[in-house]
Structures are given as C-alpha cells and as structure tokens.
1. Stretched out fully, how many nm does the piece from residue 23 to residue 120 gain, at 0.36 nm a residue minus the Cα gap?
2. State, as an integer percentage, the relative contact order of the stretch 100-170 based on alpha-carbon contacts under 8 Å between residues 6 or more apart.
3. Ignoring solvent entirely, what values of log10 I(q)/I(0) come out of the Debye formula for the chain at 0.12, 0.14 Å⁻¹ when each Cα is a single scatterer?
4. Would the stretch 102-171 count as rounded, prolate or oblate if I go by the C-alpha gyration tensor, calling it rounded below 1.5 in a/c and otherwise prolate when a/b exceeds b/c, oblate otherwise?
5. Quick one, can you get me the convex hull of the C-alpha atoms of the stretch 11-82 expressed as volume per residue in Å³?
6. Are any of the pairs 78/151; 108/163; 108/136 more than 28 Å apart by Cα-Cα distance, and if so, which?
Amino acid sequence: MQKSENSLCDEDRFDSFYRVHARLLRNFIYYKFGDEQQADDVVQEAFTRLWQNCAKVTAETAKSYLYKIATNLSTSLKRSESIRLKYEERVIRDEKSSQTPEFLILEKEFMEKLSRAIESLPERQREVFLMNRVEKLTYREIAELSGVSVKAIEKLMHKALVKLRQQIENI
C-alpha cells in the first residue's frame, strides 16, 4: 500500500478525518433512516471500509465515498429488515393456524432432541454449527475467527450436519 500526499492511509490523517466526519455522518444516517443503533453501526462499518480502501480513495473523494458506503449499508439493512418483518408476519400467521396441542407437543419434543443432539457434537463441530446457524456468521468469518481455512470450516459443518441428521432420525 503506497502512501501519497493525498492518502488517508496515514493514521494521524485518518484519525483527524474521523473526528471531523464521524458525528456528522452518524447524524445524517440517523436522520435519514431513523435508527440510532443502526446509525452507530453503519458509521463504524463505513469507516472500517474506508480504512481498508484508503490507498484507493483520495482525501478529496473520501467524504463522498464514506457517505455512499453508509447510505448503501443502511439501505441494505432496511431492505433486509423489511424482508425479515414480512417473514416474521408470515411465520406468526402460520403459527397461529398450526398451534394445535399435538403440534406443540411434537415441536417441543423435536426441540429437545435437537438440543441433545447439538450438545453431543464434538466441541469444534458444535462451535462451528452454532456460530453459523445461531450467530449467522459466514464460513469465511468463522474461519478468520478460528484461524483455519474456509475448507476446514466447511468440513466441520458438513460433519456436524451429518451427525445431527443421524442422531435426530435415530431418536
């Protein structure tokens, strides 16, 4: 990464840029999308991406680059939130129609079986399974956190799923 006179790759220059623009960007995102927590998260992510691409972005274009990233992130978050809400409404509607006593008992039994099956997985498989399925991390993110390759995570996840399927069918 080559630093030019016009680059934000210098930590002091980047820090100064951050201090000038972070609050303004946060307020812009908050006013535009109406969610304080999301605004804070988006500002953090936008500055992270700016730092990752500091060699490609000049000081003159950094502000517009930053706002563009923040706006795109917020729009994506709102879009996915809208989809999630529609799905939740459908699930709630479906649940109301399927909550017979028999269904509730079967569901409870299945959840108990699943919990026992997850608990019986080897530690690494259980860890990868929960990070992916509960925390919604991608294989790449899990690999980075674990310090192993994506292929290793894929293999662990595959083994976990096979073992879970076998255990649930046998119970």
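1. 30.2 nm
2. On the way: 40 pairs, mean separation 24.9, N = 71.
After rounding, I find 35 percent.
3. Values, matching the q order: -0.83, -0.96.
4. It comes out prolate by the Cα gyration axes.
5. Dividing the Cα hull volume of the stretch 11-82 by its residues yields 79 Å³.
6. 78/151
Every number here is computed from the coordinates shown, using simple stated rules; none is lab data. Computed from a predicted model, the values in this text were never measured in an experiment.
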